[in-house]
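Report on the structure given below.
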Amino acid sequence: MDRISELASKSAAVIFTKSTCCMCHSIKALFYELGASPAVYELDQDHAHGNEMERALRGLGCSPAIPAVFIGGKYVGSAKDVISRHVDGSLKQMLINAKAIWF
């Protein structure tokens, strides 16, 4: 849990993903399209801590556990939540407020 909090607060935008997850890929692509360069942590590539971090994300209420998106150190949600925020226009403003993008 501490590792998740530490990593989530190190960058303006952070995405915990798995390299084989199509929704994770879509969320990363969305962030890149918006001009953000999120810190991306591929849990299936982190053999030392990946499973532990996935359990910690579930413990935080992340459902599904991946993708898990943090902006400004705060949990935003999974793919469904991020896409909803993008559709209503609030995702871009969140990224601007966290200084993940500039407009």
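The values are calculated or read from the model by the stated rules, or taken from the named source; none is laboratory data. Since this is a predicted model, take the numbers as computed values, not measurements. Note that we place each Cβ from the backbone using ideal geometry, even for glycine, and neighbour counts take in every protein chain shown. We work out accessible area using only protein heavy atoms, side chains counted, and drop any ligands, DNA or RNA first. Shrake-Rupley method; radii C 1.70, N 1.55, O 1.52, S 1.80 Å.
Numbers for the structure displayed
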| quantity | calculated |
| --- | --- |
| Filter pass, ALA8 being under 20 Å from ARG55 (Cα atoms), touching a residue at least 60 places away in the same chain (Cβ under 8 Å) and not polar (S, T, N, Q) | yes |
| Those residues of segment 1-51 which are under 15 Å from ILE101 (Cα atoms) and either modelled with pLDDT under 90 or open to solvent by 70 Å² or more (accessible area, probe 1.4 Å) (or both), in sequence order | TYR32, GLU33, SER37 |
| Where ALA12 falls short, out of the listed (1) within 16 Å of ALA65 (Cα to Cα); (2) touching a Lys or Arg at 6+ places or on another chain (Cβ under 6 Å) | (1) |
| Single condition THR20 does not satisfy, out of (1) in a helix (DSSP H, G or I); (2) out of contact with any His (no Cβ under 9 Å at 6 or more places or on another chain); (3) of a type outside the set (A, V, I, L, M) | (1) |
| Search result, residues across segment 46-100 that are in contact with an Asp or Glu (Cβ under 8 Å, 6 or more places away or on another chain) and not in a helix (DSSP H, G or I) | ALA65, ILE66, VAL69 |
| Qualifying residue in segment 86-100 (condition: within 14 Å of CYS21 (Cβ to Cβ) and either among the aliphatic types (A, V, I, L, M) or touching a residue at least 40 places away in the same chain (Cβ under 8 Å) (or both)) | no |
| Tally, over segment 61-92, of residues that are open to solvent by 80 Å² or more (accessible area, probe 1.4 Å) and either closer than 18 Å to ASP2 by Cα or of a type in the set (Gly, Ala, Ser) (or both) | 3 |
